[in-house]
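Taking it in order: structure first as structure tokens, then the write-up.
The values are calculated or read from the model by the stated rules, or taken from the named source; none is laboratory data. Computed from a prediction, not measured in an experiment: that's the story for all the values here. Glycine gets a Cβ as well: all are built from the backbone with ideal geometry, and neighbour counts include every protein chain shown.
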């Protein structure tokens with residue numbers, strides 16, 4: 001079919017037309033206007049062959065021939081050359097009333113930046129308005145001839161004065177503008193100045209999305225043309241996306257060219273992004289010799305100054321490096337000392353833990369042995385007092401009782417040996433060697449720590465257990481083979497305190513503290529271990545106030561303890577003397593009425609032996625009253641007490 005019929009629905013986009021500003025146009029405005037092609041459109045034409053890489057269906061034939069876009073006025077002239085229809089003529093009042101009652105839309109604004117079909121040089125808007133037939137006619141005759149122009153003028157004038165009923169003239173004169181011709185693909189169509197219903201009420205504003213503005217093709221050729229046209233539009237959309245990253249300055253230049261080409265047609269609002277060329281840099285004068293020498297001199301002075309500062313900084317760094325090296329050596333020595341101290345005290349603590357475990361195991365059995373010893377002494381004292389109540393002179397036990405007493409004491413010593421049967425370590429059998437080694441190394445290596453920790457007193461505390469073991473079964477006033485000075489603990493403390501240590505042997509700055517500490521070993525042993533044992537021993541029958549020999553031994557023992565204390569703990573000495581005098585005063589207060597004069601004389605004689613005790617002890621024990629009581633007793637029996 002040469003001519004295909006296309007039914008095309010009017011699009012809502014026609015509603016964007018603006019009302020014509022002047023309904024009367026002069027004949028001089030009938031010339032065709034050829035828009036200036038932009039740089040972007042030329043680039044699209046050059047890039048057109050690349051579209052073959054995209055496949056949207058069948059292969060599309062491309063034509064690289066440049067075809068200029070025709071103006072809408074030229075297209076409308078070519079369409080109106082074929083038909084001149086006489087129109088009806090109306091009066092001017094009727095025309096004005098018709099124009100006032102007819103709603104109109106604004107003219108279609110055609111932008112220079114609209115997408116242009118690179119195949120035939122016409123925009124999509126022109127194709128939709130004028131149809132393919134008008135465009136094909138313009139292809140055959142690009143520039144209308146004089147005859148065509150004359151025929152168009154006559155047609156326009158004839159339309160003004162026509163009396164046909166199917167045409168309504170809105171201009172009322174021969175110079176009125178013609179209506180746009182809306183045709184289909186066949187070139188036919190209805191020419192009308194009236195608006196469609198869709199244009200008036202905007203019923204088809206969403207036609208582009210619903211497909212309402214698409215044409216219905218009745219032939220295969222029309223369907224193929226529409227499909228080809230869709231492929232071409234898709235390719236143009238791809239090109240638009242690829243061209244969005246074009247240079248902003250180039251776009252500004254294109255807009256400026258388009259604005260200059262369309263000067264007078266319509267004015268565009270001024271854009272803030274105005275192309276500003278880069279300024280030309282100013283000419284820099286050549287440097288002079290004096291200026292160069294001055295700059296070099298300043299550079300030399302600055303360099304010397306910088307060199308001096310860096311040299312000072314280097315000297316300071318060397319000095320700091322030496323100080324850091326010295327400090328590092330000192331810190332290393334301190335770390336070594338701390339490590340040695342830690343190692344030594346860890347070893348000492350481990351040894352102390354072993355001693356503590358040993359004492360915890362043996363302490364209960366030793367306490368039982370001590371209790372048995374006190375029971376033996378109490379039983380001996382009870383037997384003697386019972387015999388004295390009859391008035392007999394009894395100063396000692398019977399021979400068989402003495403044998404039993406000695407047997408009991410020997411049993412206590414045997415129990416002590418059994419206590420150490422399972423002990424194999426020599427340090428637990430006799431701690432003298434291990435204590436001498438540990439504490440001597442401590443005071444030589446860490447003298448200050450040795451003094452601050454009161455190490456000698458701690459060493460004496462370690463001796464407490466072995467001292468109690470040694471005095472178990474010992475009768476202090478009746479056993480002539482053993483005395484306080486014969487005890488191993490007393491001998492060890494005396495030898496340890498008398499060691500002549502030089503300053504190199506003991507690392508301490510407080511020499512006076514060292515001497516005081518060493519001198520306190522024996523007093524501490526006496527006050528903490530021996531004196532408490534003697535007080536308990538005398539209170540449980542270890543001292544017989546009627547026995548003159550025991551009284552004399554007691555006085556010697558007190559003097560020995562007093563010499564060992566060195567006046568450092570007089571309170572403990574008074575407590576020892578008080579324990580002996582209390583035994584004496586209790587015997588005087590409980591003397592029987594039928595006591596013999598000889599026993600009373602022995603008691604008075606032993607009482608007078610303690611007359612040199614301190615007034616405090618005399619007052620607390622009632623010594624003076626007891627002495628007066630025994631004197632009165634003897635005087636009542638006619639015995640001379642002077």
> Taking the range 440-454 only, how many residues are surrounded by fewer than 19 Cβ atoms within 10 Å (Cβ to Cβ) and more than 47 Å from the chain's Cα centre (by Cα)?
Replying inline: 3
> So which of 382, 388 is modelled with pLDDT under 85 and closer than 30 Å to residue 592 by Cβ?
Replying inline: 388
> Quick one: how many residues across the range 575-590 are at pLDDT below 90, in contact with a helix residue (DSSP H, G or I) (Cβ under 8 Å, 6 or more places away or on another chain) and surrounded by fewer than 19 Cβ atoms within 10 Å (Cβ to Cβ)?
Replying inline: 1
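Touching a helix residue (DSSP H, G or I) at 6+ places or on another chain (Cβ under 9 Å) and closer than 16 Å to residue 524 by Cα: is that true of residue 473 in this structure? Even if it seems obvious, please write down each step before you answer.
Numbers: touching a helix residue (DSSP H, G or I) at 6+ places or on another chain (Cβ under 9 Å): yes; closer than 16 Å to residue 524 by Cα: no.
Taking the combined requirement at face value, the residue does not satisfy it.
From the list 598, 571, exactly one residue is closer than 28 Å to residue 484 by Cβ and either surrounded by fewer than 20 Cβ atoms within 10 Å (Cβ to Cβ) or outside the structural domain of residue 387 (by TED's automatic domain parsing) (or both). Which is it? Spell out the reasoning first.
Details: 598 fails: closer than 28 Å to residue 484 by Cβ.
None of the others qualify; the one that does is 571.
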> Among the candidates 320, 337, 328, 302, which residue alone is closer than 23 Å to residue 440 by Cα, surrounded by 10 or more Cβ atoms within 10 Å (Cβ to Cβ) and without any contact (Cβ under 8 Å) to a residue 24 or more places away in the chain?
Replying inline: 337
